[in-house]
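The values are calculated or read from the model by the stated rules, or taken from the named source; none is laboratory data. Since we're looking at a predicted model, the values are computed, not measured. Note that each Cβ is placed from the backbone with ideal geometry, even for glycine, and that neighbours are counted across all protein chains shown.
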Amino acid sequence: MNQTAPAAIQDGPAAAVQQAPGAGARSSRILVNAGFRAVADIGSKVATAALYIFIARKLGASEFGVYAFALTFAGLVTAIGYFGQDVVLAREVSRDRGQLERYYSNAMLARSGFSIPPLLLALLIAGVAGLGHHTLLVVLLLGFGLCGEYMVQVPFAVFQAYERLEFVTVVLIAQRWITTAAAIAALYLGAGLVAVAGIYCAGTLMGAALGTAMMYRYIARPRLHVDIRGAIEVTRQALPIGIASYSPASDSRMATRCWTKTFRMSRCSTLPSVFVVAYRSSSRVKTLMITLKVEPSDTINNARPRTR
């Protein structure tokens, strides 16, 4: 008894010393992952901003309005497909990595099932209602592009659960910058909005494929299986997350802002009236709707520029 007691006393500090490097390594890993995620977010936003600027400058106000409306329309009808299923996956798999196959399959099925069918149904209704074929095609391409954006978030959630966010940086930067470079080159070569929308669609699907391939190569190979009840269940679990993300009442998550501005410019051939509704979510600004109205400049009568 007397010999074992000192040994037990000595084991306490020794155990604490042995655990200290582990805690430090854990903190360092968190810092590194946060840095990777910051680089990915900043780099992707710069690429997206550059693409928006070039679309507006090369295609003009009317086509940029169609592009913004298409993103708005597709984003609204596919909103449930991006309702926090990836957050549920990251949370549950980080707790128990044995749940990877179940939650990965359910999240992928939920994202596709709650995105693609509503998009196609909405396009059918819009076509019957008289929406132009050009706009319908742009909405279709951008809608499938958004579905690709939703899908790639599932492998990203797996990377987060396994604390390997460096793969998120690789996939996101590659996808956004390759897509932006290809779209800008196409614009300089005289391509139209449909071509740009097609490039965006192909780029997001490429990003989803790259993210899945890196997950299979470096993390795990979860099998996909059809479980409708599981997809509904993971969406039900994500419901509070989705509501919090889309609720105007949640500060720092979303602040709904509306701007209505009419720009009147004298000595111009056209008078664009722009109505913009945008929202801020997770430090991102997304355009919800832009409608453009063009009037002759002779209604201005050389009045001074003014803003309403």
* Asked: Being of a type outside the set (S, T, N, Q), under 25 Å from ILE241 (Cα atoms) and in contact (Cβ under 8 Å) with a residue 24 or more places away in the chain, is that true of even one residue in region 57-70?
  -> no
* Search result, residues across region 155-201 that are closer than 26 Å to ASP96 by Cβ, among the aliphatic types (A, V, I, L, M) and in a helix (DSSP H, G or I) -> ALA157, VAL158, ALA161, VAL168, VAL171
* Do you know which of the residues in region 77-121 that are within 16 Å of ALA220 (Cα to Cα) and aromatic (Phe, Trp, Tyr) is nearest to the chain's Cα centre (by Cα)? -> TYR104
* Structure fact -> Of the conditions (1) farther than 25 Å from ARG111 by Cβ; (2) touching a strand residue (DSSP E or B) at 6+ places or on another chain (Cβ under 9 Å), the single one that GLY60 does not satisfy is (2)
* Structure fact -> For region 127-143, the count of residues that are in contact (Cβ under 8 Å) with a residue 60 or more places away in the chain and either crowded, with 23+ Cβ neighbours inside 10 Å or in a loop (DSSP other than H, G, I, E, B) (or both) equals 4
* **Flag for ARG111 being assigned to a helix (DSSP H, G or I), at pLDDT below 95, among the charged types (D, E, K, R) and surrounded by 21 or more Cβ atoms within 10 Å (Cβ to Cβ)** => yes
* To do: Determine, yes or no, whether ARG223 is closer than 25 Å to ILE116 by Cβ, touching a residue at least 60 places away in the same chain (Cβ under 8 Å) and in contact with an Asp or Glu (Cβ under 7 Å, 6 or more places away or on another chain).
  => yes
* Report yes if ARG164 is closer than 19 Å to GLY75 by Cα and of a type in the set (D, E, K, R), otherwise no. => no
* To do: Answer yes or no: is there a residue in region 77-100 that is closer than 26 Å to ILE243 by Cα, part of a loop (DSSP other than H, G, I, E, B) and of a type in the set (D, E, K, R).
  => yes
* What about VAL152, is it in a helix (DSSP H, G or I), in contact (Cβ under 8 Å) with a residue 40 or more places away in the chain, within 27 Å of ASN33 (Cα to Cα) and in contact with a Gly (Cβ under 7 Å, 6 or more places away or on another chain)? -> yes
